[in-house]
Amino acid sequence: MYRKTLFTLTSIVLLTSILGACAKEPSPPETKSSLRLTPEGLGKLNKTSNFDADTIKSALPSYTVKKETTSAEGETYDIFRAYWQDSLVVEIDADISQQKIGRMAILSDRIPGPKDVKVGIAYSATPGNEKLDCLPGEEGSTGKVICTFEENSSILYVYQPFNWEGPYHKLPPQEVLTKAKLDSLLWVAR
């Protein structure tokens, strides 16, 4: 009786170990992006890249890329949006010819910009913020603050001030601006 019980227990332990090894937990989802926004573009995407699904999907293989229609100022146009696990990360617009990429907006902290700046960082925590040249946003960016590090830069830093009631054609006071959060990074073909 003892042998039979020992054999049964040993078999159960062995079988449990084997099944446990076979039922290995899935790998955690990718948490870091190898993409980075630079003055030249986003990964392989830049001003010479075609504005089409194949080009964009091949440059963003880890993302779900959807061609969608949006409108601004009474006109509709196509836009590509890249999602990571149902969260919007990047929006890509065409240039004036509608053939090449003209603008890319980073809308998530998943993709860093220069000096590892990420969406959500405070203006005061942005490396080199004392060198930012800022203007109040207009039209679709009313109430936001648009900044660059140099004239004609291809990357714009868009900050959203909190508790700022305007006037929107002026920059908020410094104490409001220092707490503003980076809403998006915009790359514009130059």
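None of T48, T31 is part of a loop (DSSP other than H, G, I, E, B) and either in contact with a helix residue (DSSP H, G or I) (Cβ under 6 Å, 6 or more places away or on another chain) or modelled with pLDDT of 95 or more (or both) except T48. Checked against (1) in contact with a Leu (Cβ under 8 Å, 6 or more places away or on another chain); (2) farther than 27 Å from T76 by Cβ; (3) outside any strand (DSSP E or B), V119 passes all but condition (2). Considering (1) in contact with a strand residue (DSSP E or B) (Cβ under 9 Å, 6 or more places away or on another chain); (2) of a type in the set (D, E, K, R); (3) under 29 Å from E68 (Cα atoms); (4) in a loop (DSSP other than H, G, I, E, B), the lone condition that R103 does not fulfil carries the number (4).
Taking first residues from segment 132-157 that are under 16 Å from M104 (Cβ atoms) and in contact (Cβ under 8 Å) with a residue 12 or more places away in the chain and partners that are part of a loop (DSSP other than H, G, I, E, B) and open to solvent by less than 20 Å² (accessible area, probe 1.4 Å), the Cβ contacts under 6 Å between residues at least 6 apart in sequence or on separate chains come to I146/G137.
Looking across segment 60-77 at every residue that is touching a Phe, Trp or Tyr at 6+ places or on another chain (Cβ under 8 Å) and open to solvent by less than 90 Å² (accessible area, probe 1.4 Å), the one that is modelled with the lowest pLDDT is identified as S71. Across segment 124-131, not a single residue is classified as closer than 30 Å to S58 by Cβ and surrounded by 14 or more Cβ atoms within 10 Å (Cβ to Cβ).
The values are calculated or read from the model by the stated rules, or taken from the named source; none is laboratory data. This one's a predicted model, so the numbers in the text were calculated from it and none came from an experiment. We place every Cβ from the backbone using ideal geometry, glycine too, and count neighbours over all the protein chains shown. Surface accessibility is based on the protein's heavy atoms, side chains included, excluding ligands, DNA and RNA. Shrake-Rupley method; radii C 1.70, N 1.55, O 1.52, S 1.80 Å.
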